[in-house]
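Contents: one structure, followed by commentary.
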Amino acid sequence: MPVDSISLAVFRSLFEAAAEEMGVTLQRAAFSPNIRERLDFSCALFDGDARMIAQAAHIPVHLGSMPASVEAAISAFPDLALGDVIVLNDPYSGGTHLPDVTMVSPVFVDDMVQFYVASRAHHADIGGMSPGSLPLSTELYQEGLIIPPIKLVEAGWRNEAVMRLLTANSRAPQERLGDFEAQLAAQRIGERRLLAIIAAHGLRAANEHAAALLDTSRRMTEAVIASIPNGVYSFADALESDGQREFLIQIRVTITVSRSRLIVDFTGSAPQVAGNLNAVTAIVRSATWYCVRLLAKDDVPVNHGCFEPVLVITPPHSLLNPDFPAAVAVGNTETGQRVVDAVLGALAQALPNRIPAASQGSMNNITVGGTYNGKPFVYYETIAGGHGGGAAGDGLSGRHSHMTNTRNTPIEALEYALPLRVTAYRLREGSGGAGAARGGEGVVREYEFLCPATVTINSERRRLTPYGLAGGGPGHCGVNTLIHGDDVRTLGGKWTGSVEAGDRLRIETPGGGGWGQLP
C-alpha cells in the first residue's frame, strides 16, 4: 500500500482508535471513581523502537512522559516474550509520581516485537505515609510502594505473588486489584486492535505508515516553530511552598528560537527542594512539548515526531532534575503546571496576540482516607479553576487546565462511593482577573465528612496570583478553609491533618488572569 495523504489519515485514525478503545476499556472496568469518573488515565501505542505513534486524548502530563516508561521497561527486559506485561511506577525509571502506575506490553508478529502498547492510570492509593499517596514528604520512600520495571504477567501467566504485593501496599486493596485488572484488560485490547490492523493491511503497511506519521508530525511541528520570530525569550515564575516551609521556589526558562528548532533551557531554576515539589525531567519535557503543541493551528498528530525539534535542558540537582530519592509527589501536578506558566510567559513575548494569560496554575489535589463501617476508603481528586483570558475572548470558568485533562467528579458518584457529602459546589464569582478579556472563574467545592478521616491538600497559587497579560489583571488566589463547629481556620496551600465527622473542608480555586487593558 503506497503512503499518501488519504492512507496516512486512515492509519492515523486506526492507531488513535486503538488507543481510545484501550481507554474506554480501562474506564469501564475500573473500580475507583478517580479512574472511572475523573478519567485519570492515559493510553498510547509505540513502534518497535519505543517511539510513540499514537495517543488517545487523555492526560497531557502522562502522555508526554510515557515514552520514558516504555524505554525503561525495554531496557530492563530486552528479551520480552509473547504475553509479557511490565509494570512500573518509579519516577527515576520512567515514571512521574508513584500513584501513576504504567503497564507496557509487546505486540508480536512472526515471533518478533513490532509494536508496544502502554497504559498509565493514577491509583488512588499506593501506600506511603498518608492516604492517597501524595504526602507532604521529604523523600520518595515516604510516598508509597516503589515499583521498578517488573513482570506482572509472564508469557500470559499472571504473577499472583507480585499482584498480592502491589495490592497489600494499598489502603484499599480490593479497589487496587480492580483497577490493576482494568489496566490489564486495556493492554489486551490494545494488542488485539494492533494485530487486527496488521491482519487487515499488512505489517509492512502498518510500519511504513507509522514512520510516515512521525515524519509528518515532525515537519508540522517544525513549521509551527518557524512561525515564531527568531530570538531569545525569558520568563520566571515561582512556586510557594514545598510542604515543609513557605518560600519562593523559582522556575526560570530561556527559549531560543532558531528557524525550525527550539531550545528550552531551565538553567537558573531553583535547586532541588526538601519537600515534594521536585519534578523529574520527563515531566518538564512533557509540559514543554504540550506548550509547543498548543501553538499549532492545524491538527498535528501527537507522537514522537512532535518532540524531535524541541530540545529541553534541565540543570542537574535542580527542582526540575532532582537526584534520587528526592520527594516528587506533586512535582507532577503542581510543578508541571508552573512549568507551563513559565514557558507560555516566555512565548507571550514572541507571540503577544497568541498566548493567553495564566490559568489557575494548580491542580488543587485533595486526598482523603479512613475507615467507615469497618471498611477502608481512599479518595483522590483534582479540582477545576479558571482559564486565562486571551485575544480570542474570556477564559473558561470551572475547567481543568493545561497538564490535567480530567473530568469533574459528579457529586452523586462521590457521595455514593464515599462517606462524604458535598455541601457546596459553584463558580467562585469575581475570582477571574479583569481585562478586555476576563479570566475565567474558579470554583468553590465544600466537603462534609461523615466519619473521621485523614486529609492532605497539595495546592498552589494561594499566595502568588495567576498573571495577567497585555495589561490584564491577575486572577485571584485560591483559599483552603477547614470548618470545625464555630472554628473557621484558613489552611496553607499544603496541609495534612485529621478531621472529625461533621467537619467541613472548603476549597476555593484560583481564577484565571485577565488579558488586555480595559477600554
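Mind listing which trypsin sites (Lys or Arg not before Pro) in the range 167-249 are in a DSSP loop and have 16 or fewer other Cβ atoms within 10 Å?
Values: sites: Arg171, Arg176, Arg188, Arg192, Arg193, Arg204, Arg218, Arg219, Arg245; in loops: Arg171, Arg245.
Listed in order of number, the matching sites are Arg245.
When the alpha carbon coordinates of the range 161-264 are projected onto the principal axes, the ranges are 53, 53, 16 Å, largest first. Placing a label point 7 Å from the Cα of Ser260 along the Cα-to-Cβ direction, the residues of the range 270-308 whose backbone N falls under 13 Å of that point are 306, 308.
The residue list Tyr233, Leu213, Ser65 was ranked by how far each Cα lies along the charge dipole of the chain toward its positive end, using unit charges on Cβ atoms, and Tyr233 comes out on top.
Between Glu139 and Leu311, the simple label model (points 7 Å from Cα in the Cβ direction) yields a spacing of 3.7 nm.
Checking the a/c ratio against 1.5 first, then a/b against b/c, what shape does the Cα gyration tensor give for the range 309-417? Oblate, since a/c reaches 1.5 and b/c is not below a/b.
Under a Cβ-only charge scheme (Lys and Arg +1, Asp and Glu -1), can you give me the dipole magnitude of the chain about the Cα centre, in debye to the nearest 20? Write down the numbers at each step before the final one.
Details: 41 positive and 52 negative charges, 166 e Å.
So the magnitude is around 800 debye.
Please give every one of the aspartates and glutamates within straight-line cross-link reach of Lys375, meaning a C-alpha to C-alpha distance under 12 Å, and leave out same-chain neighbours fewer than 8 residues apart. Correct list for Lys375: Glu175. Geometric descriptor of the range 99-186, per residue, is 97 Å³ (volume of the convex hull of the Cα atoms).
Ignoring ligands, DNA and RNA, what accessible area per residue does the range 192-278 give at 1.4 Å, in Å²?
On the way: 3830 Å² over 87 residues.
Result: 44 Å² per residue.
Multiplying the residue separation of Ile150 and Arg463 by 0.36 nm and removing their Cα-Cα distance gives an extension gain of 108.5 nm. Label-to-label distance for Leu203 and Ala223 is 3.4 nm, based on points extended 7 Å past Cα in the beta-carbon direction. Computing FRET efficiency as 1/(1 + (r/R0)^6) for Thr423 and Ala168, where r is the C-beta to C-beta distance and R0 is 45 Å, gives about 0.80.
Here's the picture: a label point sits 7 Å out from the Cα of Arg28 along the beta-carbon direction, and within the range 391-433 nothing has its amide nitrogen under 15 Å of it.
Put a dot 7 Å past the Cα of Val232, heading toward its Cβ, do the same for Asn159, and the two dots end up 5.0 nm apart.
Residue order by solvent-accessible surface for Thr490, Thr454 is Thr490, Thr454, largest first, with ligands and nucleic acids left out and a 1.4 Å probe. Taking the convex hull of the alpha carbon positions in the range 10-166 and averaging its projected area over all directions gives 9.4 nm².
Carbon and sulfur: what percent of the range 14-126's accessible surface (1.4 Å probe)? It would help to have the intermediate numbers written out before the result.
Numbers: 1510 of 3000 Å².
Here carbon and sulfur together make up 50 percent of the probe-accessible area.
Semi-axis lengths, largest first, of the ellipsoid equivalent to the range 68-116 are 22, 9, 8 Å, with √(5λ) applied to each eigenvalue of the Cα gyration tensor. Annotation: the chain has a Kirkwood hydrodynamic radius of 23.1 angstrom, from the mean reciprocal C-alpha pair distance. Only helices reaching 27 angstrom along their own axis (Cα) with mean Kyte-Doolittle hydropathy no lower than -0.5 count here, and for the DSSP H runs of the chain these are 5-29, 173-201, 203-226.
The calculated 222 nm mean residue ellipticity attributable to helices in the chain amounts to -9500 deg cm²/dmol, summing -39500 (n - 2.57) over DSSP H runs of n ≥ 4 and dividing by all residues.
The values are calculated or read from the model by the stated rules, or taken from the named source; none is laboratory data. Small disclaimer: the values here were computed from a predicted structure and weren't measured. Glycine also receives a Cβ, built like all others from the backbone with ideal geometry; neighbour counts cover every protein chain displayed. To get the accessible areas, we keep the full protein, side chains included, count just its heavy atoms, and leave off ligands, DNA and RNA. Shrake-Rupley method; radii C 1.70, N 1.55, O 1.52, S 1.80 Å.
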